[in-house]
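The values are calculated or read from the model by the stated rules, or taken from the named source; none is laboratory data. Because the structure is predicted, anything quoted here is derived from the model rather than measured. Neighbour counts are summed over all protein chains in view; Cβ atoms, including those assigned to glycine, are modelled from backbone coordinates with ideal geometry. Ligands, DNA and RNA are excluded from the accessible area calculation, which covers all protein heavy atoms including side chains. Shrake-Rupley method; radii C 1.70, N 1.55, O 1.52, S 1.80 Å.
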Amino acid sequence: MRLAFILSEIGSGLRRNLSMVVSVILVTFVSLTFVGAAGMLQLQINQMKGYWYDKVQVAIFLCGDGSTAAGCATGTATPEQQENLRTLLESPAVAQYINDFQFESKDEAYKHFKEQFSNSPIVDSVTPDQLPASFRINMKDPEKYQIISETFSSQPGVETVIDQRQVLERLFSVMNAASLVAVIIAGVMIVCAILLIATTIRLSAFSRRRETGIMRLVGASKTVIQLPFILEGVIAAVIGAALASGTLWAVAHFFLGEYMSKQYPDTAFISPAQTLILAPALIGLGATLAGISSLLTLRRYLRV
Amino acid sequence: MIRFENVTKVYDQKARPALDSVNLEIDRGEFAFLVGASGSGKSTFLRLVLKEDRATSGAVYVAGQNVANISSWRVPRLRRGIGVVFQDFRLLPQKNVFANVAFAMQVIGKSRSIIRDTVPEVLKTVGLEGKEHRMPHELSGGEQQRVAIARAVVNRPGILLADEPTGNLDPTTSMGIMGVLDKINQNGTTVVMATHDDDIVNEMRKRVVELRNGVVIRDEARALYTSMIPVVGQSRRFKDASGRPDGSAADPGDGSVSSQAGEAQ
Ligand SMILES: Nc1ncnc2c1ncn2[C@@H]1O[C@H](COP(=O)(O)OP(=O)(O)O)[C@@H](O)[C@H]1O
Ligand SMILES: [Mg+2]
């Protein structure tokens with residue numbers, strides 16, 4: 001009975017304040033979309049880093065079947081060439097610059113590739129043969145890349161030496177700046193959302209002061225009096241958060257999945273499903289914001 | 001049932017206290033009028049009983065419990081034991097008679113079947129049977145006040161506080177309301193009614209507690225609106241808030257006459 005009563009109170013509150021409730025939904029929707037966009041950029045950065053990015057800085061790719069580089073005259077790198085490179089990496093002249101290195105075989109390369117490009121159609125058209133084996137090197141000082149490059153580029157069996165960081169770092173710094181901007185906008189919008197929720201609750205409490213006054217006099221508990229107002233704000237904010245989550249999913253599905261992945265087939269994009277891990281966080285954040293701001297408002301405007 | 005021990009209530013440090021060292025005890029099942037001019041502290045007294053405000057000093061006991069010791073989450077339970085009606089009825093305009101009374105039961109979690117059984121019974125007690133589906137604007141003032149009384153007593157409180165319940169009603173209607181309050185009192189509910197309606201007080205012949213400027217100046221059983229006993233000491237020279245000299249005190253034994261004179265003014 002009490003639950004049914006609280007629910008009907010919430011229903012009538014939402015109807016009575018419809019325009020305010022819609023504005024709360026929209027403001028939380030926009031602010032949480034920005035929060036989610038920042039989260040999505042970070043997910044995308046992780047996706048692009050792939051398996052090796054945080055572990056190594058420099059990759060020495062060995063010759064594959066179709067390699068045309070000068071060192072690949074003999075075709076696919078032979079086991080002897082591989083051994084020579086390993087010896088060279090372990091020699092004191094080179095070892096002083098590196099922490100450690102790992103060898104990635106064609107099969108391992110294929111496994112890591114499949115993980116990184118799991119959302120991309122490209123993964124089906126690639127076989128282990130097409131992927132080069134490589135040495136992945138963790139540098140003591142990433143700035144010393146040049147030394148490794150000079151030493152290994154001309155070795156037989158080496159196709160190319162790549163400083164992965166140099167390739168991606170600039171892009172990542174742009175993406176990080178974009179997430180920062182998104183977070184700042186989100187922060188301002190969240191302040192708007194909190195103030196708007198507080199105002200809505202206050203108006204709602206004012207328009208129902210007759211009811212709440214009577215409830216107080218006949219001995220209704222604080223929960224019964226306040227919960228409808230708090231839930232009113234929370235429900236509006238959760239709807240806004242759900243819309244924001246839906247928007248992020250749509251961006252991942254239609255923009256990244258359908259458009260960007262065709263424009264840039266060699267880039268790994270996050271999947272729509274991955275954006276859904278942001279949804280509980282956004283909904284939780286929305287509900288918390290609304291709950292806290294309505295509690296604070298009610299303490300001032302709805303005496304019990 | 002209600003006991004005030006040396007209760008003083010100061011709203012505003014610069015003004016005189018709204019209640020000044022009030023000592024008073026109202027027993028279970030009693031019917032007491034709280035009389036006095038506007039501003040004499042009647043409503044303040046009732047608010048302290050409800051713990052709507054806290055006493056500045058002294059102690060207020062309700063049903064044996066010092067209300068100062070009731071924690072805020074248990075205040076609702078205190079209020080479930082006290083019904084209140086006001087001069088302005090305070091009905092919910094968009095709910096019909098039945099729903100207005102049922103509201104008081106819904107918000108404390110009473111089941112639908114209990115509500116269905118109890119509300120018509122209480123409406124009968126206040127003389128509103130057959131009017132369950134009227135909206136408040138379709139009722140006369142007296143009927144609206146009956147709805148308010150029904151709402152106040154539907155949860156069977158031990159105490160009913162009425163703050164000038166007849167203040168907006170004509171004399172005949174007022175007497176009807178008094179009949180309802182008397183019936184509720186007969187059923188065992190302690191009733192405290194603040195009023196400055198002298199006709200009603202004179203008609204009812206109940207206990208009268210008179211306040212003036214926050215001080216209890218009279219407490220008489222089966223009394224009239226104005227005292228039949230001379231008021232001793234300096235209070236003789238006091239004037240009440242309306243500026244009318246306290247003529248009654250100067251004329252012992254003639255309370256009913258002077259009250260009629262007061263009404264004629
Ligand atoms: N909330 C309040 N704040 C300040 N002063 C108040 C408040 N309520 C009542 N008072 C003052 O307390 C005195 C007693 O008021 P009240 O109890 O309402 O008297 P009554 O009900 O007998 O007319 C008056 O002087 C009034 O101005
Ligand atoms: Mg008053």
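What does the accessible area per residue of segment B:82-156 come to in Å², with a 1.4 Å probe and no ligands, DNA or RNA counted? Intermediate values should be presented prior to the final figure.
On the way: 3100 Å² over 75 residues.
Computed with neighbouring chains in place, this is 41 Å² per residue.
Estimate for me the total accessible surface buried between chains A and B (protein heavy atoms, probe 1.4 Å, no ligands or nucleic acids), in Å² to the nearest 100.
What A and B bury together is about 1900 Å².
Long-range amide H contacts for B:V215: which residues qualify at under 5 Å (H placed 1.01 Å from N, peptide plane, sequence gap of 5 or more or a different chain)?
Distant-sequence amide H within range of B:V215: B:D20.
May I ask you to give the percent of accessible area on segment B:82-156 that is carbon plus sulfur, with a probe radius of 1.4 Å?
C and S fraction of accessible area: 48 percent.
For B:M193, B:M1, what's the largest-to-smallest order of accessible area, 1.4 Å probe?
B:M1, B:M193
Of the accessible area of segment A:58-165, with the probe set at 1.4 angstrom, what percent is carbon plus sulfur?
Values: 2860 of 5690 Å².
Roughly 50 percent, rounded to a whole number.
Just reorder B:F4, A:F269, A:F34 by solvent-accessible area, largest first, 1.4 Å probe, all chains present.
A:F34, A:F269, B:F4
Find out how many positive minus negative residues lie around B:Q87, taking Lys and Arg as positive, Asp and Glu as negative, among other residues whose Cβ is under 10 Å from that of B:Q87.
Here the count lands on -2.
Quick check: convex hull of the Cα atoms in chain A, volume per residue, rounded to a whole Å³?
Values: hull volume 49.6 nm³, N = 304.
Once divided by residue count, the hull of chain A is 163 Å³.
Through the Karplus equation 6.51 cos²θ - 1.76 cosθ + 1.60, θ set to phi - 60°, convert the phi angles of segment A:83-96 into ³J(HN,Hα) values in whole Hz; use x for Gly and Pro.
Here the 3J(HN,Hα) series is 4, 4, 5, 4, 4, 4, 5, 8, 5, x, 4, 9, 4, 5 Hz.
When only alpha-carbon atoms are used, what values of Rg and Dmax, in angstrom, describe segment A:58-165?
14.2, 44
What residues does segment B:60-86 have that are buried by at least 10 Å² of accessible area in the full protein assembly compared to the chain on its own, 1.4 angstrom probe?
Output list: B:P76, B:R79, B:R80, B:V84, B:F86.
Counting Lys and Arg as +1 and Asp and Glu as -1, what is the net charge of the other residues whose Cβ lies under 12 Å from the Cβ of A:R16? Mind dumping the intermediate values first?
Details: positive: A:R15, A:R208; negative: A:E9, A:E211, A:E232.
That sum, taken over residues with Cβ under 12 Å, equals -1.
What list of ³J(HN,Hα) couplings, whole Hz, do you get for segment A:147-164 from phi and the Karplus terms 6.51, -1.76, 1.60, once you set θ to phi - 60° and write x for glycine and proline?
Calculated HN-Hα couplings, in order: 4, 4, 4, 5, 5, 9, 3, 8, 6, x, x, 9, 7, 7, 10, 10, 8, 4 Hz.
Work out from phi, with θ = phi - 60° and the Karplus expression 6.51 cos²θ - 1.76 cosθ + 1.60, the ³J(HN,Hα) of each residue of segment B:133-142, listed in order in whole Hz, and give x for Gly and Pro.
Once θ is set to phi - 60°, the couplings for segment B:133-142 become 9, 6, 8, x, 6, 8, 10, 6, x, x Hz.
Please work out the C-alpha center-to-center distance from segment B:172-225 to segment B:70-130 and express it in whole Å.
Value for the Cα centre distance between the two parts: 23 Å.
With a sphere of radius 15 Å drawn around the Cβ of B:T172, what net charge do the other residues whose Cβ falls strictly inside it have (Lys, Arg +1; Asp, Glu -1)? Before the final figure, lay out the partial values.
Working: positive: B:R146; negative: B:E143, B:D170, B:D197, B:D199, B:E203.
Net local charge, B:T172 excluded: -4.
Calculate for chain B the 222 nm mean residue ellipticity that helices alone would give, adding -39,500 (n - 2.57) per DSSP H run of length 4 or more and normalising by residue count, nearest 500 deg cm²/dmol.
The helix-only estimate for chain B comes to -9500 deg cm²/dmol at 222 nm.
Of the residues A:S154, A:S261, A:S120, which exhibits the maximal mean-square fluctuation in a Gaussian network model of chain A defined by a 10 Å Cα contact cut-off?
Maximum among the listed residues: A:S154.
Below 8 Å between Cα atoms, with a sequence gap of 6+, how large is the relative contact order for chain B in percent? All intermediate terms of the calculation are to be shown ahead of the outcome.
Working: 496 pairs, mean separation 61.3, N = 265.
Taking the mean separation of contacting Cα pairs over the length of chain B, I get 23 percent.
So what is the relative contact order for segment A:58-165, in percent, with contacts set as C-alpha pairs under 8 Å and at least six apart? Intermediate values should be presented prior to the final figure.
Details: 164 pairs, mean separation 56.0, N = 108.
Here the relative contact order equals 52 percent.
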